[in-house]
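What follows is a short report on a single structure.
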Amino acid sequence: MPQNQGNLLAISDLHVAHEENRAIVAGLRPETENDWLLVAGDVGEMSEEIAWALRTLASHFAKVLWTPGNHELWTPPKDPLRLRGVERYDHLVELCRSLGIVTPEDPYPVWQGPDGPVTVAPLFLLYDYTFRTHAGLSREEALAAAHEAGVVCTDEYLLHPDPYDSRHAWCEARVRETEKRLDALDPATPLVLINHYPLVRTPMDVLHHPEFALWCGTERTADWPRRFPVAAMVYGHLHIPRSTVYDGVPFEEVSVGYPREWQRPGHPRTVPPRRIRPVLPAVRGV
């Protein structure tokens with residue numbers, strides 16, 4: 001198969017409600033005309049802003065792949081789009097498809113590069129409150145402790161799971177469905193996985209408020225970096241951009257974050273977006 005002469009680039013947490021972040025999105029350009037952009041969620045909250053950002057990115061990059069963050073799934077009181085839960089997600093999927101953007105509901109494309117082919121898979125998994133501060137706590141006890149500590153994600157008020165009974169029930173269904181799709185892939189082809197949340201709990205060890213880990217993923221995916229041929233895992237959500245390795249797999253947190261964060265002196269960020277493929281020489285063999 002012909003080799004893709006471009007790059008796999010990744011970014012997340014664009015939060016285009018902020019004027020400074022809208023300027024970043026408006027100014028994003030590929031390095032080559034063949035570059036793909038992997039967008040790991042939290043483009044924005046308001047439906048019109050999300051549409052503007054995705055349309056802008058799709059007009060500049062050869063291919064865009066998107067997976068939702070928690071913010072896209074909110075139903076803000078002032079948003080004219082009143083859809084909730086699965087209906088809101090389905091609406092976003094159709095929006096992306098109208099723009100030629102690949103979603104978690106579409107076939108996973110294969111990127112051909114000098115390091116060999118990789119299947120690029122955008123995932124939508126949510127969270128199930130299993131990333132708890134103490135293993136002995138029940139879900140209800142962990143949530144109560146977070147409320148007592150004053151650390152509560154806005155999802156509890158704006159991210160509706162309809163028609164599921166709960167966000168963790170929606171998460172269970174998403175994990176089960178995604179697992180089947182990954183199991184059906186050719187194990188000889190490495191994977192680049194894109195998800196708003198990391199697949200493992202370890203990245204949460206650096207959180208200033210450990211209670212927030214409840215809204216950051218699920219223990220159900222803890223073995224995925226070992227179980228599947230994962231060459232790289234791209235995520236966001238934490239607003240702590242960095243490159244780490246877990247279970248021998250490079251994990252790339254590629255968030256932009258809020259202006260008050262990325263404008264802070266010493267903020268650990270690189271100029272977005274981050275290059276995932278081809279692998280840079282210094283990263284080979286990690």
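In the set His239, His209, His160, which member is over 17 Å from the mean Cα position of the chain (by Cα) and open to solvent by less than 60 Å² (accessible area, probe 1.4 Å)? Sole residue among the options that is over 17 Å from the mean Cα position of the chain (by Cα) and open to solvent by less than 60 Å² (accessible area, probe 1.4 Å): His160. Residue under question is Asp90, and the condition is that it be closer than 27 Å to Pro198 by Cβ, of a type in the set (Asp, Glu), under 13 Å from the mean Cα position of the chain (by Cα) and at pLDDT 95 or above; does it hold? No: the conditions fail for Asp90. Go through (1) of a type in the set (Lys, Arg); (2) loosely packed, with under 13 Cβ neighbours inside 10 Å; (3) in contact (Cβ under 8 Å) with a residue 40 or more places away in the chain and name the single condition Arg201 misses. Evaluating Arg201 over (1) of a type in the set (Lys, Arg); (2) loosely packed, with under 13 Cβ neighbours inside 10 Å; (3) in contact (Cβ under 8 Å) with a residue 40 or more places away in the chain leaves (2) as the failure.
No other residue among Val110, Val120 is at pLDDT 95 or above and open to solvent by less than 50 Å² (accessible area, probe 1.4 Å) apart from Val120.
In segment 173-187, the residues that are under 14 Å from Pro122 (Cβ atoms) form Cβ pairs under 9 Å with partners that are outside any loop (DSSP other than H, G, I, E, B) and aromatic (Phe, Trp, Tyr), at six or more places apart or across chains, as follows: Leu182/Trp224.
The values are calculated or read from the model by the stated rules, or taken from the named source; none is laboratory data. Only a predicted model underlies this, so the values are computations on that prediction, with no experimental measurement involved. We place every Cβ from the backbone using ideal geometry, glycine too, and count neighbours over all the protein chains shown. Just so you know, the surface numbers come from the protein's heavy atoms only, side chains and all, with ligands and any DNA or RNA stripped out. Shrake-Rupley method; radii C 1.70, N 1.55, O 1.52, S 1.80 Å.
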